[in-house]
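K.L.:
Have a look at the structure that comes next, please.
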Amino acid sequence: MDQLSSLLNPSTPQLETSASAALPLPNAARAAMENAHQAWSELPEMAIVKRRLHRERVFAASDDQDTRQPLDLMRTKVGRVMKERSWVTIGVTAPTAKCGTTTIALNLAMGLARLSAQRVIMLDLNFRNPRIGSILGAEPKYPLQELLAGRRPLSQCLLRHGTNLAVGITTGAVCNGADLLMEGSTREAMSLLKRRLMADVIVCDLGPMLAGDDVLAFLPLSDCTLLVVSAGRSRKSEVDVCERDLDAYGNLLGVVMNRVPHRFLR
Ligand SMILES: Nc1ncnc2c1ncn2[C@@H]1O[C@H](COP(=O)(O)OP(=O)(O)O)[C@@H](O)[C@H]1O
Ligand SMILES: [Mg+2]
């Protein structure tokens with residue numbers, strides 16, 4: 001992912017060190033931890049083939065530090081800002097399709113999940129063109145939309161990678177994505193996910209902003225958004241509209257400039 005540069009808020013605070021980690025947990029906190037441990041262990045495990053991820057430009061789980069470097073930078077900046085502001089849910093979108101939204105969202109989730117203390121959930125909320133399942137080569141027993149509609153439990157709709165990354169995969173096109181996002185059942189499912197799995201970060205892969213109202217419908221469910229802009233593809237007028245709306249209706253955490261030609265990075 002050497003063609004990527006992130007333009008995130010530069011004034012990111014230092015990560016907090018947890019002095020309270022050494023103190024004994026109160027009973028309620030211990031019970032929540034045990035419940036979360038149980039909920040994570042009930043998620044079916046999925047195997048991920050690194051070669052397949054590389055082909056799809058998902059390098060965050062790569063052993064090659066140089067390849068990962070710009071992605072790690074983005075991961076760390078996003079993680080720090082979210083932790084500082086106690087934000088958990090982040091949506092990733094772009095003005096139009098093919099800017100690299102899904103690629104960036106997956107790299108972000110997998111990069112955050114490399115930190116074993118972080119419990120990360122990746123959700124495919126691009127209902128018009130879901131791609132997470134085909135990139136990961138995984139299929140859940142039931143698609144994510146069944147969980148959002150309140151018809152299936154977490155354990156039937158999420159897959160687990162390792163001990164701290166859960167993935168919700170949408171399969172088939174969902175006709176009324178914006179409507180589903182605005183349903184009470186979706187709000188409940190999102191809050192259940194956060195609570196039961198004690199999620200530190202929930203990364204949501206969204207469709208393109210200018211293609212409909214799905215992203216605007218999603219914003220009330222999230223704490224912040226990341227806007228992916230593709231050099232040479234995204235027009236300034238499109239970026240301006242997206243920035244304005246993301247700021248007006250939510251918290252725009254930053255803009256990631258993707259597909260920047262090498263000559264501009266020197
Ligand atoms: N920085 C990049 N350089 C080259 N190709 C990229 C880059 N980022 C993404 N791609 C490729 O562009 C295509 C579209 O990316 P994708 O993440 O699916 O976009 P979106 O989700 O915005 O539609 C994919 O084939 C992906 O591998
Ligand atoms: Mg996509």
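Since every read-out is calculated from the coordinates, none of them should be taken as a lab result. The structure presented is a predicted model; accordingly, all values stated were derived computationally and were not measured. Reconstructed Cβ throughout: ideal geometry from the backbone, glycine too, with neighbour counts over all protein chains shown.
K.L.:
What ranking of L23, L112 emerges when the number of other C-beta atoms within 10 Å of each C-beta is taken as an exposure proxy, fewest first? Intermediate values should be presented prior to the final figure.
P.N.:
Details: L23 8, L112 24.
In order of increasing Cβ crowding within 10 Å: L23, L112.
K.L.:
As a test, work out the antiparallel percent of DSSP beta bridges whose residues both lie in region 44-264, rounded to the nearest 5.
P.N.:
15 percent
K.L.:
For a protection proxy built on the mean count of beta-carbon atoms within 10 angstrom, sort 124-133, 167-176 highest first, please. Before the final figure, lay out each step's value.
P.N.:
Details: 124-133: 21.9, 167-176: 18.6.
Packing order, densest peptide first, comes out as 124-133, 167-176.
K.L.:
For region 44-264, build the charge dipole from Cβ charges (+1 Lys, Arg; -1 Asp, Glu) around the Cα centre, then report which of M182, L165, L226 sits farthest towards its positive end.
P.N.:
Farthest towards the positive end: L165.
K.L.:
Can you compute 3J(HN,Hα) from phi for each residue in region 117-129, using the Karplus curve 6.51 cos²θ - 1.76 cosθ + 1.60 with θ = phi - 60°, rounded to whole Hz and x for Gly and Pro?
P.N.:
Listing the rounded values in order: 7, 9, 9, 10, 10, 10, 10, 8, 10, 8, 6, 7, 8 Hz.
K.L.:
Name the residue from L206, I135, V239 whose Cα lies farthest towards the positive end of the charge dipole of the chain, charges +1 on Cβ of Lys and Arg and -1 on Cβ of Asp and Glu.
P.N.:
I135
K.L.:
In deg cm²/dmol and to the nearest 500, what is the mean residue ellipticity at 222 nm of the chain if only DSSP H runs of at least 4 residues count, each as -39500 (n - 2.57), divided by the residue total? Numbers along the way, then the final one.
P.N.:
Values: 11 runs with 107 residues, N = 266.
Per the formula, -11500 deg cm²/dmol.
K.L.:
So for the chain, what percent of the C-alpha to C-alpha distances run longer than 32 Å? Walk me through the intermediate numbers first.
P.N.:
Details: 6430 of 35245 pairs.
Value for the chain: 18 percent of Cα pairs lie more than 32 Å apart.
K.L.:
Here's another thing I want to ask about it. Report the charge-dipole magnitude of region 29-166 in Debye, nearest 20, computed about the Cα centre from +1 at each Lys and Arg Cβ and -1 at each Asp and Glu Cβ. Please report the intermediate quantities before stating the final value.
P.N.:
Numbers: 21 positive and 12 negative charges, 53 e Å.
The dipole of region 29-166 has a size of about 260 debye.
K.L.:
Given the C-alpha centroids of region 187-266 and region 37-75, what is the distance between them in whole angstrom?
P.N.:
Result: 20 Å between the Cα centres.
K.L.:
Check the straight Cα-Cα distances from K236 and name the aspartates and glutamates below 19 Å, setting aside those fewer than 8 residues away within the same chain.
P.N.:
Answer for K236, where 19 Å is the Cα cut-off: D245, D247, listed by chain and number.
K.L.:
Please report, in debye to the nearest 20, how large the charge dipole of region 44-264 is about its Cα centre when each Lys and Arg carries +1 at its beta carbon and each Asp and Glu carries -1 there.
P.N.:
Values: 30 positive and 23 negative charges, 122 e Å.
For region 44-264, the charge dipole is close to 580 debye.
K.L.:
So which of K50/K77; K77/K141; K50/K98; K83/K141; K98/K194; K141/K194 end up more than 27 Å apart by C-alpha?
P.N.:
On the way: K50/K77 24 Å; K77/K141 34 Å; K50/K98 22 Å; K83/K141 32 Å; K98/K194 29 Å; K141/K194 21 Å.
Table pairs above 27 Å Cα-Cα are K77/K141; K83/K141; K98/K194.
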